[in-house]
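Rule-based calculations on the coordinates, nothing more; no lab input. If you're wondering where the values come from, they're calculated on a predicted model, not measured in any experiment. For neighbour counting, all protein chains shown are included, and Cβ atoms are generated from backbone atoms with ideal geometry for every residue, glycine included.
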Amino acid sequence: MKEILNFINGEFIGSASGKTFENRNPVDNSLIGMVSEAGAVEVDKAVAAARAALHGPWGKLSVNERVNMLDAVAGEINRRFDDFLQAEVADTGKPIHLASHVDIPRGAANFKIFADTIKNAATESFSMTTPDGRTALSYAVRVPRGVIAVVCPWNLPLLLMTWKVGPALACGNTVVVKPSEETPSTATLLGEVMNKVGVPPGVYNVVHGFGPNSAGAFLTSHQGVNGITFTGETRTGTAIMKAGAEGIRPVSLELGGKNAAFVFADCDFGVAVDTVTRSVFENCGQVCLGTERVYVERPIFERFVAALKEKAEGMKPGRPADPDTKIGPLVSQEHRQKVLSYYRKAVEEGATVVTGGGIPDMPGELSAGAWVQPTIWTGLPETAAVVREEIFGPCCHIQPFDTEEEAIRMGNDTPYGLATSIYTQDLSRASRMAQRIEVGLCWINSWFLRDLRTAFGGSKQSGIGREGGVHSLEFYTELRNVMTKF
Ligand code: NAD
């Protein structure tokens with residue numbers, strides 16, 4: 001039986017209370033191992049270790065030495081690529097071809113990209129004349145914020161965790177990570193990597209557990225933490241912001257979405273269908289940037305619905321290692337209950353179920369997994385729950401529109417503002433739409449295409465702050481102004 005331990009001050013440790021919880025594989029509900037649940041004692045130890053490390057050898061490294069160490073972390077993740085891949089796939093059930101192209105390579109790249117960013121980040125300087133006719137020169141320096149709490153979701157566990165840990169460490173901070181209770185494995189494995197490449201003890205710590213009354217809440221309310229970076233649901237973000245308020249600790253929040261795609265009649269039809277297929281169904285719909293609302297210009301509405309239906313019905317569910325597998329299960333039985341409740345609600349609200357709506361027939365032990373059918377609805381009003389609320393499953397509602405203005409109005413009628421994608425060959429129209437759709441990320445004739453130097457984040461209730469490239473430095477450093485009179 002695998003034991004998944006906390007990683008504190010360079011050591012793998014259980015919890016003083018002896019509390020553990022199960023980690024299950026969503027493909028067949030088999031038990032992967034038991035996870036040690038950190039209590040207040042372990043969280044306290046981890047924060048103390050992180051604080052001590054700030055003032056130890058880590059804090060004395062030059063930027064170049066730190067950056068070389070992060071390059072070595074990326075190298076070691078790549079050397080142990082298969083270990084990370086197997087761990088991530090067991091925790092999430094996602095197809096191996098997806099995890100091996102997205103999750104693990106990006107997990108490693110996140111250390112390299114921020115190592116490069118910090119080496120090249122400039123700060124401002126100003127010169128002025130003083131009232132007595134002399135000169136004063138101001139320059140800014142970036143200093144680490146301190147101990148950073150990193151609270152992560154389960155949909156892209158290694159990728160989203162390193163997207164925070166990479167810049168936090170590049171900027172000279174130390175971290176305490178609280179991975180999702182659903183996906184504890186790769187964060188733990190990263191502890192081995194840190195030790196192997198010589199990252200000093202206490203720089204990277206991992207505490208396992210849940211949110212309220214568990215490791216998540218203990219960590220975010222801990223007054224030894226100087227900043228909290230969180231990716232997850234908007235409701236949890238609200239609790240985390242409240243925790244941050246105590247002690248005036250800044251928060252960086254990447255939250256939920258109810259992202260719209262707009263398909264105009266003049267689009268490249270094949271590109272639109274293929275890309276919307278990915279944005280709705282990839283990772284079994286468990287991507288924060290994924291599309292759950294599709295607005296299609298009326299002349300091509302029927303044709304588009306038929307084409308997406310055909311694609312959805314071609315998404316073969318199966319084992320992660322099977323090269324024919326197009327879609328994995330949801331992350332857990334609990335999440336499946338939530339998604340299926342929306343499948344039922346759509347019918348109750350009068351949706352036309354174009355395809356799916358239930359559980360696929362899976363053979364043998366797979367029948368115990370967290371599978372759901374890719375699902376498409378039409379015919380609902382914009383007020384319906386499945387059109388308004390984030391489901392986080394492989395499903396979408398498709399709505400026709402007649403004018404650009406109407407499409408924008410429906411698109412913006414949501415409390416969320418994470419991402420959108422627009423399909424048209426008229427780039428003037430696409431640019432107009434990009435100005436008016438209230439989101440942090442807009443794709444034109446594409447989706448999930450990322451340049452890691454660009455700003456990433458949501459507006460409205462989808463988040464606070466931007467990550468990526470130099471934008472990550474805003475949260476992971478404090479800008480100190482130094483003025484010299486001479
Ligand atoms: P979640 O909010 O349920 O949990 C995220 C993490 O927060 C977990 O580690 C959990 O244990 C912890 N947590 C829960 N309650 C807490 C509390 N009160 N205090 C401290 N920690 C707490 O989210 P999830 O279900 O793991 O992930 C799915 C959600 O994440 C979706 O809403 C999705 O849109 C969002 N997401 C957003 C982005 C983005 O970049 N904007 C990226 C990925 C996922």
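What to note about this one:
- Per residue, the convex hull volume that the Cα atoms of the stretch 259-451 enclose (Å³): 117 Å³
- Among beta bridges from DSSP that stay inside the stretch 259-451, the antiparallel ones total about 10%.
- Projected area averaged over orientations for the chain, convex hull of C-alpha atoms, nm²: 25.0 nm²
- When peptides 366-377, 145-156, 399-410 are sorted by average Cβ neighbour count within 10 Å, with the highest value leading, the order is 145-156, 366-377, 399-410.
- Backbone phi angles across the stretch 39-49, fed through the Karplus curve with coefficients 6.51, -1.76 and 1.60 (θ = phi - 60°), yield HN-Hα couplings of x, 4, 4, 5, 5, 4, 4, 5, 5, 5, 5 Hz in residue order; Gly and Pro are listed as x.
- Projected onto its three principal axes, the C-alpha set of the stretch 105-166 covers 60, 22, 15 Å, listed from the longest axis down.
- Straight-distance crosslink candidates among aspartates and glutamates, where the alpha carbon sits under 17 Å from Lys196 and sequence neighbours closer than 8 are dropped: Glu11, Glu65, Asp71, Glu76, Asp82, Asp83
- Mean-position separation - Cα centroids, the stretch 65-118 and the stretch 402-421, in angstrom: 35 Å
- Karplus-derived 3J(HN,Hα), 6.51/-1.76/1.60, for each residue of the stretch 74-79, Hz, glycine and proline x: 4, x, 6, 4, 5, 5
- Farthest toward the positive end of the dipole of the stretch 259-451, out of Ala368, Gln425, Asn412, is the Cα of Ala368, where the dipole comes from beta carbon charges about the Cα centre.
- Calculated FRET efficiency for the pair Arg134/Arg450, C-beta based, R₀ 56 Å, to 0.05: 0.70
- Nitroxide proxy distance, nm - points 7 Å out along Cα→Cβ at Ala306 and Glu246: 6.0 nm
- Once backbone amide H atoms are built at 1.01 Å from N, Ile444 has Ile422 as its partners under 5 Å, excluding neighbours fewer than 5 places away on the same chain.
- Beta bridges per DSSP with both ends in the chain, % antiparallel, nearest 5: 45 percent
- Distant-in-sequence amide H partners of Ile13 (H built 1.01 Å from N, under 5 Å): Asn6, Phe7, Ile8
- Contact order, relative form, for the stretch 101-211: 26 percent (alpha carbon pairs under 8 Å, 6 or more residues apart, mean separation divided by residue count).
- 3J(HN,Hα) couplings calculated from phi for the stretch 200-216 with the Karplus curve 6.51 cos²θ - 1.76 cosθ + 1.60 (θ = phi - 60°) are, in sequence order, x, x, x, 6, 10, 10, 10, 10, 9, x, 9, x, x, 6, 8, 3, x Hz; Gly and Pro show x.
- For Val177, residues with placed amide H under 5 Å, excluding near neighbours: Val150, Asn205, Val206, Val207
- Members of Lys19/Lys345; Lys164/Lys309; Lys316/Lys345; Lys60/Lys178 lying beyond 32 Å, as alpha-carbon distances in this model show: Lys19/Lys345; Lys164/Lys309
- Once both labels are positioned 7 Å from their Cα atoms along Cα-to-Cβ, the gap between Lys338 and Ser459 label points is 2.6 nm.
- Using a Förster distance of 30 Å, the FRET efficiency for Thr403-Lys316 (Cβ separation, nearest 0.05): 0.20
- Spin-label pair Arg480-Asp83: with each label point 7 Å from Cα along the Cα-Cβ axis, the two points sit 3.7 nm from one another.
- Bridge type composition, the stretch 352-483 - antiparallel percent by DSSP, nearest 5: 45 percent
- Part-to-part distance (alpha-carbon centres) for the stretch 148-213 and the stretch 323-382, which is given in Å: 31 Å
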